[in-house]
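The values are calculated or read from the model by the stated rules, or taken from the named source; none is laboratory data. Keep in mind that what you see is a predicted model, and the values were worked out from it rather than measured. Virtual Cβ from ideal backbone geometry, glycine too; neighbours counted across all protein chains shown.
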Amino acid sequence: MAYCMCEVHIWSLKNQFSVPDDVIGFHHYHDKGEIISRQDQPYYEEKQQFVESRDITWTPKNKRPERLRDMIKEVEEMITQFNCVHVRWRNRQVLQLLLSNACIITIIISGHSGDIERIYIDKSFVAKLSCETICDAYLNDQFFIASHNNMSKIDFAYFTKRPPLNEAAKRLDKLSSWEPKIIQLDIPGPKGRRLDRCFSINTAQDMMLVWWSVGSGEAWPWSPMSSDRERANITILSINGPMIEVMTYFKTQCDPIHAHFSALQPHRIFTIEQELGSHGEVTARACTYEVIRGQIQTVAVVNIPLKSTVVCLARNPQEDKLLLGLSDASLVLYDEHRKITLFTRAAIPPASISWHPTGNIFLVASARADIQLFDRGFSSLDIQLVSEEHSPEKFFRISKFFKLSVTLRQISWCPFSPQSSEMMSTSMEAAFLSFS
């Protein structure tokens, strides 16, 4: 029977893990002078020798100029204070995290393991935006854009002196050296309300989707004759070099719980809208829109009746299958080609769903960081850590290695193929998981 084998690397120096000496597939960093219990870890030195013999870091070095151990501690401190609002894989070995204070953390990952080689912290945009805290952001080699939950305004920074794109993708300069020109743009939507304004960019990177959920049953007592602009919950921004402007906006029929541009067609938009009936019935509306001549037009609407509310969702990379995770631990798969809906029950309450970039498997995770795998045929796949023994399980409990309870916040698969020239010596697949 097929099963998946994984290896976990936790980038932390905090003494908050409980990993038995015979577990060789779960790694975390050890601080210099770490105090251990010989009763709990009788083979501590032997395990250290084994791990280091595999060229995996046990204690990060602190030599200049990298000062890796200090940098890991600084990043850990920052992540406890600020949320991670955006994850960007630049390539197989370069991962960027954008925090809610607009700080950008760049992590260089080893080519043969999940270890950190270097860390760069870029504070070019800290305290330079309309608000100190951002709720979502997007970064590429041409511009940076951020939204705020306490104002209907976005910040757009265009890099006026960046190197050519083929060079920019390989460089790790501080973004201040690219001389960003920051402008603010008012966007449609209700005024004076705290809303999580989320981004999605199209494949051509010339349109940005901004969407938010306001609660379909909420009243508007301060403005009974609100304009269409104020009622909007989806906005399309046009981006042309250093110029950004509102192209169009509209209000969905039901409250959206997710919206994004297609990864295959630059003018197509997918939304999932949830409708709650008066007798408790739940319907998920899978809507497809097209941006045509600067206006949004409805292409298709599929109503999916459900037994409970949607908690999480994901569309496969081929965009012909929609997966929904429900509050009663059910999983619902809608197949667009066959026009059928499949149901199954997960072994864990789903809080996050993520498709593998090939679309062959998907990962379901609970808020407690329990992980279950399924293939695209909706069959569960067993999973286990790298081990000398065959011991696959129906789901993998990462949380059992933590001394304190943790919450899984997000999952981001590396979109780059392991067969690329950068990683010829390995066939590993990588996914970044963030906890709080």
Q.
When you scan the stretch 151-174, do you find a residue that is among the hydroxyl-bearing types (S, T, Y), within 23 Å of A259 (Cβ to Cβ) and within 22 Å of the chain's Cα centre (by Cα), even just one?
A. no
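Are any residues in the stretch 348-389 assigned to a strand (DSSP E or B) and touching a Pro at 6+ places or on another chain (Cβ under 9 Å), and if so, which ones?
Correct list: W355, V364, A365, D370, Q372, L381, D382, I383, Q384.
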When every residue in the stretch 108-123 that is hydrophobic (A, V, I, L, M, F, W, C) and either surrounded by fewer than 20 Cβ atoms within 10 Å (Cβ to Cβ) or in contact with a Ser or Thr (Cβ under 7 Å, 6 or more places away or on another chain) (or both) is compared, the one nearest to I411 (Cα to Cα) is I108
The correct count of residues that are touching a Ser or Thr at 6+ places or on another chain (Cβ under 9 Å), modelled with pLDDT under 95, within 18 Å of V210 (Cβ to Cβ) and among the hydroxyl-bearing types (S, T, Y) in the stretch 128-181 is 1
Of the candidates D70, D115, D40, the one satisfying the condition of being in contact with a His (Cβ under 8 Å, 6 or more places away or on another chain) and not small (G, A, S) is D115
Do we have Y158 as over 26 Å from Y120 (Cα atoms) and not basic (K, R) here? no
Taking the stretch 322-340 and keeping only residues that are of a type outside the set (A, V, I, L, M, F, W, C) and either surrounded by fewer than 19 Cβ atoms within 10 Å (Cβ to Cβ) or within 19 Å of I411 (Cα to Cα) (or both), one is left with G325, S327, D328, S330, D335, E336, H337, R338, K339
Over the stretch 243-260, the set of residues at pLDDT 95 or above and over 17 Å from S200 (Cα atoms) is M243
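Residue by residue, here is whether (1) acidic (D, E); (2) free of Cβ contacts under 8 Å to residues at least 60 places away in the same chain; (3) over 30 Å from L381 (Cα atoms); (4) in a loop (DSSP other than H, G, I, E, B) holds:
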| residue | (1), (2), (3), (4) |
| --- | --- |
| H9 | no, no, no, no |
| H27 | no, no, no, no |
| H30 | no, yes, yes, yes |
| G33 | no, yes, yes, yes |
| E46 | yes, yes, yes, no |
| V51 | no, yes, no, no |
| P60 | no, yes, yes, yes |
| K73 | no, no, yes, no |
| R88 | no, yes, no, no |
Picked from the stretch 260-294 (must be among the polar types (S, T, N, Q) and in contact with a strand residue (DSSP E or B) (Cβ under 6 Å, 6 or more places away or on another chain)), the residue surrounded by the most Cβ atoms within 10 Å (Cβ to Cβ) is T271
Picking from S152, S130, S147, the residue that is polar (S, T, N, Q) and surrounded by fewer than 20 Cβ atoms within 10 Å (Cβ to Cβ) would be S130
Item checked: Test: R88 is buried (at least 16 other Cβ atoms within 10 Å of the Cβ) and at positive phi -> no
Those residues of the stretch 333-368 that are without any contact (Cβ under 8 Å) to a residue 40 or more places away in the chain and of a type in the set (V, I, T) come to a total of 4
Does the stretch 299-318 contain any residue that is of a type in the set (K, R), touching a residue at least 12 places away in the same chain (Cβ under 8 Å), farther than 16 Å from F261 by Cβ and not in a loop (DSSP other than H, G, I, E, B)? no
Only one of (1) in contact (Cβ under 8 Å) with a residue 60 or more places away in the chain; (2) touching a His at 6+ places or on another chain (Cβ under 8 Å); (3) surrounded by fewer than 16 Cβ atoms within 10 Å (Cβ to Cβ) does not apply to D55, and that is (1)
- prompt: Within the stretch 48-65, is there a residue that is among the charged types (D, E, K, R), at pLDDT 85 or above and over 19 Å from I107 (Cα atoms)?
  reply: yes
Residue pairs qualifying under the 6 Å Cβ cut-off, at least six apart or on distinct chains, with the first in the stretch 156-173 being surrounded by 11 or more Cβ atoms within 10 Å (Cβ to Cβ) and the second being of a type in the set (S, T, N, Q), are L172/T106
